[in-house]
Each structure stands twice: as structure tokens, then as C-alpha cells.
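Enquirer: The following block contains the structure, expressed as C-alpha cells.
The values are calculated or read from the model by the stated rules, or taken from the named source; none is laboratory data. Since this is a predicted model, take the numbers as computed values, not measurements. Cβ atoms come from the backbone with ideal geometry, glycine included; neighbour counts cover every protein chain shown.
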Amino acid sequence: MQRQKQQKRVGLKPLPNAIEGKVILRFAPNPNGPLTIGHSRGVVINSEFAKMYSGKVVLRYDDTDTRVKPPLPEAYGWIEEEYEWIAGRPADIIIRASERMPIYLEYAKQMLESGFGYVCRCSAGEFKDLRDNSQPCPCRGKNTENNLSDWQSMNDGSIEEGGAVVRVKTDLELPNPALRDWPALRIQHSPHPMVGDLYKVWPLLDFQSAIEDHLQGVTHIVRGKDLMDSTRKQTLLYNHFGWKYPEPLYWGRVKVHEFGGFSTSGMKVDIADGKFEGWDDPRLPTISALKRRGFESKAIRDFWLDLGLTQKDISISMQTIESFNSSVIDSVCERRTFVRNPRNMSLNMDEIEHPDELQIARHPHGEIEGVREWTISDEFVIEDRDYSEKLRLKDFADVLIKENQAIVNSLQRSDKRTIVHWLPINQSRMARLTTPLGTEFRIDEGLIENIDLVEGEILQLERVGFAKIEKVPENGPVELLFLHG
RNA sequence: GCUCGUGUAGUGUAGUUCGGUCCAUCAUGACGGGUUCUCGAUCCGUCGACCCGGGUUCAAAUCCCGGCACGAGCACCA
């Protein structure tokens, strides 16, 4: 077989057993908060596969838990918007598990009637002890009639939470104890934020998700490898129903150096405690925060696609995402001058003939047309850290510095002295640059070039980095949010 | 402990199905240089890896055996 000259694969590997136009994938977040960087991998990979095969993605809310990770009503809308932002197109089908409860309960009943499920009234601890020794629990041998009557009691609320669970019968000799007679539905008496206390019995993920995948005709499931046991449990259930399980694919665990893992519930607590301003706090690894800071969705897509789909546990750096972002935004961001920690200087132009105005390109390579027009005044600022004897004021002149006075000696570049950014006072206004740094913020006060400052726009501050204009108030400093270098 | 999964440069990744064309791809990073009146962009160069030990073979990143490391699951969470 002929081998290609070694080359990096482009795009995702083909999906096994995929038929053009027939592929159905799903993305199933818990709506207990907005999406994080971690979720964006799922959105990107699934939507990309759908694109490759002209298939569909089902956005499904697996919101069947009312106690441990209850849904946040606002999150449903957020997630739909964020999905569309990341993928560049909306999900094809949207489903809420909490609205489809009658279906799951019907399948559960069918399972009891067909004899491959049973109502177990053992405590979790008792069951675990038996299970670990491959022993059946006493409830396992109950007949259909008894199971259905227990099922009735579960649903009418006469059994308390924790008093019973519906299990799927499996081979008790299965090597992996976790798979033996796994629980499919449990009792929850606490009301659901969306549908209230209509139901007393709620399916667990492994059951609900399995039924729903079948109903939606899902052909490929891409999920975290922590859910491998879920695949195995669900395959057992599919065998009972006589269904064919979708093609599963997995990715490994992802950490970001700068953030660690992504815990939606952890963030929720920290926001409630006032540690963060909200879900879009720039220090958070949420999609809303990235969007607010000025990341482009294309950069996020490029990044995940470049990583591909591997089962390796990885720890990535924001630097990599930032470099993808730079290549997306660099050619479309105007340049501006922002002087941090300004040092006041006076300009001495006696010795040389000079223009009164300067025209500086809005972008150095002309991707953006036009110029910034500066009127040169006697007073100007440079960054304090740049202060030195000989400097080149960018786009203007070589100067000799003496006691905060800059004497212009040449408009032409005469040697290799350092080029610094500078700003005539009459051209400036106050600004604050906020940089997220771990769990803190760094604030740089300074002066920004007062030309066409539009809220929401991303600029490249020369010799500083990319930043977003968050606010241009009538009075007071312009608010800038640092994006990356 | 049990079950499952994964090990390629600092970080990611290609190549592993079917052994050779792999002194191992690409990106990111670091360093150096060209260019550009930004510490940005761009171009060029350099650095740096097949987890370990055996085995099979003319030939192993790739196949086999044995270790080791890391991660996940073992919830009436998702």
C-alpha cells in the first residue's frame, strides 16, 4: 500500500458507518447554567460532523434532575444562543427531556411488563453490597403484577424519595459491577423548575438519554469518555428493547492551564458568593465571558477542529486559543494608541521643520482603509517604563530626552533606537484597561487616542495588545477590557 | 480495590487499521535573524518527542508479551 508523504491530517477523521445525509448527532448539556469552553468542544465537533455529512444535530436538554443539579430556567435560552454563536448555525432540533416525561414513563412501564426491569425497594447501600458480590436483591424475583403495583405507588407519591428505584435487569456476572442491574428511574418529590410537581418518578440519565437517542434516530454519539460505562449500560437496555445502539465516539478530559476544569455548579456558587460579577465575568471560562472579551467563534471552532477527537486527557493553554483568535481578528482590528502609566513630556521642535498634523494608518497593511489624523501639540505622553534618553516617537520623529523634554532631532529614522508609542495630550482621553488575571483583575490607568471609539469594538492597542472597548461614557474614563497580546 | 480507557517534543496533534518511503507531520511555544516606523503581522532559521523492558522480523512509533504512569467510572448527578 502506498503511503502518503507524512502530512498533518486536515479536519476531523471520518465518522464510522456514516451515510451522507443520514447522520444524526446530539449535544446534550444540562441546563444548570450557560455553556463553558468545555461544552464548546461538543458543539464544534457535533456541528462539524453534521456539516461533513449533511446531517443534523439535536440539542437536547437532559433536565431530569431536580435536586443535585437542578436546571436554571434562564439557561435554556442562553444555551440555544450560545450554541448558534459557536456553531455558526442553530441546532436542527431542540428537545427538553422534562417535556417528554410521559414517553419515558411509558417505556419504563413497558420494561416492567416485559420483565427486563423491576422495582427495587432496597436501600442504595444494601443493593451495592449484593451487587458487588453478584448476588440478586430480593426484589429481583418479583412478578410483573407486583412490579406494576409498586410502579403505581412510586408514581402516585405514596413511596418516599429513596424508597424505590426501577432497575434494568442485566447479567449479574458482568465483570464491571457498575453495570449490574443499573438504576433507570428514581423518585423525586422536589418540584422541577420547569414542569413543577407533575411527576414523582424521574428517569436517570442513562435511561432517559437512551430512550431519546433511539426516538430521535441518533446515529452517532460523541461524548466524554467518562461516559463509557453509560454506553455499556445503554447497550444492555437497547438489547432488551431490540434496538441498535448508535456508533459511540469519545473524547478525553480537557483542562485549561489558566482555568483548571469547568464546574458549572462551582461557578454558580462563586457567583452567588460575589466572587464573580456574573456568568460573563471575564475571569470565567464561560462562552459568554469569551464572547464578551472579544473572542471570535471561528477561533474557537478552528481550535477544537485542530485538536480533533482523541481520547487522551489533555491540558491546553489559552495561549493556543488566543493565537487562533489573533489570526482571525488581526486583519480587521484598527490600531490605536493607549499609553499606560503616562509620563508627561513636552515637545521641543525649535530645531527642525515639522508638520502640524500627522496621518497614521488605521491598519498598517491597508486591510482597513483610512487614517487617524493627529494634531501635534507641545504636550504629550509616553509610558513611564519607556522613558529613556533616545527614543523614536512612532510614526513621527527621533527625539532626545532631557528632563521630560523631548527635543526633535530628525523626522527621519536616523538609527535603531527604540520605537515607542506616544500620544499628544490634546488627542487623548482617560481610559482604564482591565485585564483578567486568574481570580483577580489588573487595572491599568492611562490615556487613549481619542479617535472613533465605538463601544463593543475590538482594537489593537499598539505595543499593548488587543482589547475591547466596553464603555465610552460621556464623562470619565473609557473602559477597556484586555483580550490578549 | 474492581472495571474501563489513554501514553509521540514545553503544550496540543499527524502517522498506528494493513511494519519499510518515519533519522517521525503540523500548529502553538521558546530562541535567533530578515522585513515592517508596534512588543502586532509577515518571512526564514534553530530547539525539541515515539512511557519503560523484553520478543517477533532483514526492518517496529506501528505487531506480541510484561511492566510503569496518568485519567475516568464504580451516585437513587449530568
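Enquirer: Among the residues of the stretch A:185-196, is any in contact with a Phe, Trp or Tyr (Cβ under 7 Å, 6 or more places away or on another chain), farther than 20 Å from A:E99 by Cα, among the aliphatic types (A, V, I, L, M) and touching a residue at least 60 places away in the same chain (Cβ under 8 Å)? Don't jump to the end; show me each part of the working.
Expert: Our first condition is that a residue be in contact with a Phe, Trp or Tyr (Cβ under 7 Å, 6 or more places away or on another chain); within the stretch A:185-196, this holds for A:185-186, A:188.
From what's left, farther than 20 Å from A:E99 by Cα: none.
No: zero hits.
Enquirer: Scan the stretch A:185-194 and give yes if some residue there is closer than 26 Å to A:K244 by Cβ, within 32 Å of the chain's Cα centre (by Cα) and modelled with pLDDT of 95 or more, otherwise no.
Expert: Here is the first cut: in the stretch A:185-194, the residues closer than 26 Å to A:K244 by Cβ are A:185.
Restricting the remaining residues to those that are within 32 Å of the chain's Cα centre (by Cα) gives A:185.
Still in the running and modelled with pLDDT of 95 or more: A:185.
For the stretch A:185-194, residues closer than 26 Å to A:K244 by Cβ, within 32 Å of the chain's Cα centre (by Cα) and modelled with pLDDT of 95 or more: present.
Enquirer: Failed condition for A:V68, given (1) touching a strand residue (DSSP E or B) at 6+ places or on another chain (Cβ under 6 Å); (2) hydrophobic (A, V, I, L, M, F, W, C); (3) in a loop (DSSP other than H, G, I, E, B), with all others met?
Expert: Every listed condition holds for A:V68 apart from (1).
Enquirer: Out of all the residues in the stretch A:14-26, is one or more within 12 Å of RNA strand B (Cβ to nearest atom) and either over 25 Å from A:A97 (Cα atoms) or surrounded by fewer than 22 Cβ atoms within 10 Å (Cβ to Cβ) (or both)?
Expert: yes
Enquirer: Also, quick follow-up: Quick check: is even one residue across the stretch A:42-61 charged (D, E, K, R) and part of a helix (DSSP H, G or I)?
Expert: We begin by selecting, within the stretch A:42-61, every residue charged (D, E, K, R); these are A:48, A:51, A:56, A:60.
The next check asks that each one be part of a helix (DSSP H, G or I); those that pass are A:48, A:51.
Among the residues of the stretch A:42-61, at least one is charged (D, E, K, R) and part of a helix (DSSP H, G or I), which makes the answer yes.
Enquirer: Right, here's the next one. Condition (residue is free of Cβ contacts under 8 Å to residues at least 40 places away in the same chain and of a type in the set (D, E, K, R)) applied to the stretch A:205-215: is it met by at least one residue?
Expert: Narrowing the stretch A:205-215 to residues free of Cβ contacts under 8 Å to residues at least 40 places away in the same chain: A:206, A:210, A:214.
Checking which are of a type in the set (D, E, K, R) leaves us with A:206.
Yes, because at least one residue in the stretch A:205-215 is free of Cβ contacts under 8 Å to residues at least 40 places away in the same chain and of a type in the set (D, E, K, R).
Enquirer: Moving on. Looking at the stretch A:214-235 only, could you name the residues that are within 13 Å of RNA strand B (Cβ to nearest atom), in contact with a helix residue (DSSP H, G or I) (Cβ under 8 Å, 6 or more places away or on another chain) and assigned to a helix (DSSP H, G or I)?
Expert: Within the stretch A:214-235, A:D229, A:S230, A:R232, A:K233, A:Q234 meet the criteria.
Enquirer: Is at least one residue of the stretch A:103-117 within 12 Å of RNA strand B (Cβ to nearest atom), of a type in the set (A, V, I, L, M, F, W, C) and not in a loop (DSSP other than H, G, I, E, B)?
Expert: So in the stretch A:103-117, the residues within 12 Å of RNA strand B (Cβ to nearest atom) come out as A:104.
Applying the additional criterion that residues be of a type in the set (A, V, I, L, M, F, W, C) yields none.
No - not one qualifying residue is present in the stretch A:103-117.
Enquirer: Among the residues of the stretch A:320-349, write down those that are in contact with a strand residue (DSSP E or B) (Cβ under 8 Å, 6 or more places away or on another chain) and outside any strand (DSSP E or B). Steps first, answer last, please.
Expert: Keep residues of the stretch A:320-349 that are in contact with a strand residue (DSSP E or B) (Cβ under 8 Å, 6 or more places away or on another chain), which gives A:322, A:325-326, A:329-330, A:333-349.
Result: A:E322, A:N325, A:S326, A:I329, A:D330, A:C333, A:T337, A:N341, A:M349.
Enquirer: Moving to a separate point now. Among the listed residues A:E373, A:E367, A:E353, which satisfies the condition of being part of a loop (DSSP other than H, G, I, E, B) and either surrounded by 13 or more Cβ atoms within 10 Å (Cβ to Cβ) or in contact with an Asp or Glu (Cβ under 9 Å, 6 or more places away or on another chain) (or both)?
Expert: Details: A:E373 fails: part of a loop (DSSP other than H, G, I, E, B); A:E353 fails: either surrounded by 13 or more Cβ atoms within 10 Å (Cβ to Cβ) or in contact with an Asp or Glu (Cβ under 9 Å, 6 or more places away or on another chain) (or both).
Result of the check over A:E373, A:E367, A:E353: A:E367.
Enquirer: I need the full set of residues from the stretch A:390-411 which are outside any strand (DSSP E or B) and closer than 14 Å to A:R343 by Cα, in order please. Quick ask: steps written out before the conclusion?
Expert: Residues of the stretch A:390-411 that are outside any strand (DSSP E or B), as a first pass: A:394-396, A:403-404, A:411.
Within the stretch A:390-411, A:E403, A:N404 qualify.
Enquirer: Shifting gears a bit: In the stretch A:226-242, what count of residues is obtained for those that are hydrophobic (A, V, I, L, M, F, W, C), in contact (Cβ under 8 Å) with a residue 24 or more places away in the chain and surrounded by 16 or more Cβ atoms within 10 Å (Cβ to Cβ)? Let's see the steps before the verdict.
Expert: Of the residues in the stretch A:226-242, the ones hydrophobic (A, V, I, L, M, F, W, C) are A:227-228, A:236-237, A:241.
Narrowing further to those that are in contact (Cβ under 8 Å) with a residue 24 or more places away in the chain: A:236-237, A:241.
Imposing the further condition that a residue be surrounded by 16 or more Cβ atoms within 10 Å (Cβ to Cβ) reduces the set to A:236-237.
Residues meeting the conditions: 2.
Enquirer: With the requirement that a residue be within 7 Å of RNA strand B (Cβ to nearest atom) and without any contact (Cβ under 8 Å) to a residue 60 or more places away in the chain, what does the stretch A:320-330 give you? Before you say what the answer is, go through the steps one by one.
Expert: Here is the first cut: in the stretch A:320-330, the residues within 7 Å of RNA strand B (Cβ to nearest atom) are A:320, A:323, A:326-327, A:330.
Passing the criteria: A:T320, A:S323, A:S327.
Enquirer: Return the pairs, sorted by first residue and then second, in which the second residue is within 11 Å of RNA strand B (Cβ to nearest atom), the first residue lies in the stretch A:356-372 and is among the small types (G, A, S), the beta carbons are less than 8 Å apart, and the residues are 6+ apart or on different chains.
Expert: Qualifying pairs under 8 Å: A:A361/A:R335; A:G370/A:A361; A:G370/A:R362.
Enquirer: Something else now. Do any residues in the stretch A:124-135 that are acidic (D, E) have Cβ atoms under 7 Å from those of residues that are near RNA strand B (Cβ under 10 Å from one of its atoms), where the two are at least six apart or on different chains, and which pairs are they?
Expert: Partner pairs satisfying both residue conditions: A:D132/A:P177.
Enquirer: Name the residues in the stretch A:241-299 that are touching a Lys or Arg at 6+ places or on another chain (Cβ under 6 Å), in a loop (DSSP other than H, G, I, E, B) and within 13 Å of RNA strand B (Cβ to nearest atom), would you?
Expert: Listed by number, the residues that qualify are A:G252, A:G261.
Enquirer: While we're looking at this one, here's another question. Kindly indicate the residue of the stretch A:166-179 that is within 9 Å of RNA strand B (Cβ to nearest atom) and buried (at least 16 other Cβ atoms within 10 Å of the Cβ) and also modelled with the highest pLDDT among those meeting that condition.
Expert: Just the residues of the stretch A:166-179 that are within 9 Å of RNA strand B (Cβ to nearest atom), to begin with: A:174-179.
Next, from what is left, pick out any that are buried (at least 16 other Cβ atoms within 10 Å of the Cβ): A:174, A:179.
On the way: A:L174: 89, A:L179: 92.
Top of the filtered list is A:L179.
Enquirer: Which of the following residues is at pLDDT below 95, near RNA strand B (Cβ under 8 Å from one of its atoms) and more than 28 Å from A:I469 (Cβ to Cβ): A:I352, A:I316? Steps first, please.
Expert: Numbers: A:I352 fails: near RNA strand B (Cβ under 8 Å from one of its atoms).
Of A:I352, A:I316, the one residue that is at pLDDT below 95, near RNA strand B (Cβ under 8 Å from one of its atoms) and more than 28 Å from A:I469 (Cβ to Cβ) is A:I316.
Enquirer: Taking the stated definitions as given, is A:G157 more than 27 Å from A:G242 (Cα to Cα), surrounded by 12 or more Cβ atoms within 10 Å (Cβ to Cβ), touching a residue at least 12 places away in the same chain (Cβ under 8 Å) and within 13 Å of RNA strand B (Cβ to nearest atom)? Can you show your working first?
Expert: Numbers: more than 27 Å from A:G242 (Cα to Cα): yes; surrounded by 12 or more Cβ atoms within 10 Å (Cβ to Cβ): yes; touching a residue at least 12 places away in the same chain (Cβ under 8 Å): yes; within 13 Å of RNA strand B (Cβ to nearest atom): no.
So A:G157 fails the test.
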